[in-house]
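Values quoted throughout were computed directly from the atomic coordinates according to the rules given, and no laboratory measurement underlies them. Keep in mind that what you see is a predicted model, and the values were worked out from it rather than measured. Cβ placement follows ideal geometry from the backbone for every residue including glycine, while neighbour counts extend to all protein chains displayed.
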Amino acid sequence: SQQGEEDPQALSIQEGENATMNCSYKTSINNLQWYRQNSGRGLVHLILIRSNEREKHSGRLRVTLDTSKKSSSLLITASRAADTASYFCATDGTSGSRLTFGEGTQLTVNP
Amino acid sequence: DVKVTQSSRYLVKRTGEKVFLECVQDMDHENMFWYRQDPGLGLRLIYFSYDVKMKEKGDIPEGYSVSREKKERFSLILESASTNQTSMYLCASSSPGQGREETQYFGPGTRLLVL
């Protein structure tokens, strides 16, 4: 089963609104990462949050991590049409370099 | 900037053909990965490699093999392509960091159609 599972599967909002995506995972982690994928392209790293951090910001992105609930959220503020993409969370577990990705949230930002 | 390139963006092959997907990275990364991405299933790890001539099975290695003869190049091989291997194939690389915070850098993907 997937280590990371995103919720919702799809999200459609208007430009200027905030978008929130959630990720749940099952086992202990060292860190959790969020990636973005434009249609038909590879994934691009957005932000990493360590297991001892609770919140992190990068530009219009805000990530939270609750290790007691094994969940994370990605907030994109003041969304733009160019934010339209799929967003994936990825967890690393506590051994090795491999990441486990969720199925992603498809975000559509309407102009 | 890290660059990961994949030999083809689109590929059409026939059932039973041997298929080579090539991936090259230019940042001297130790780790390289091959994933396939299918609707509703997300990214699934096929094989990965921590060093030259080393390989580890991922979650779905059946029907695939890999080769890493040089640090910068990681090849995925479909020995006898089947229609259920029609998918988007993504290559990634990473380098061990402090605290094992390893960001993966992805190539643009190869969309493979097996007829």
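Observations on the model:
- Computed over the range B:40-113: relative contact order in percent, which uses C-alpha pairs under 8 Å that are six or more apart: 20
- Against the empirical 2.2 N^0.38 Å (N residues), the range A:24-97 has a Cα radius of gyration ratio of 1.12.
- Across chain A, the mean sequence separation of Cα contacts (distance under 8 Å, 6 or more residues apart), normalised by length, yields a relative contact order of 39 percent.
- Relative contact order of the range B:1-84, taken over Cα pairs closer than 8 Å and 6 or more residues apart, is 32 percent.
- Exercise: per-residue mean of other protein chain Cβ atoms within 10 Å, A:26-37: 2
- Per DSSP, loop GluC sites (Glu not before Pro) in the range B:21-108 with at most 12 further Cβ within 10 Å: B:E62, B:E79
- Checked against a 30 Å cut-off, the cross-linked pairs A:K70/B:K71; A:K70/B:K57; B:K13/B:K55; A:K56/B:K57; B:K3/B:K55 give Cα-Cα distances beyond that limit for A:K70/B:K71; A:K56/B:K57.
- Neighbour counting of Cβ atoms within 10 Å sorts the residues B:F33, B:F74, fewest neighbours leading, into B:F33, B:F74.
- Dipole axis of chain B (+1 Lys, Arg; -1 Asp, Glu on Cβ), positive-most option in B:P96, B:V66, B:T83: B:T83
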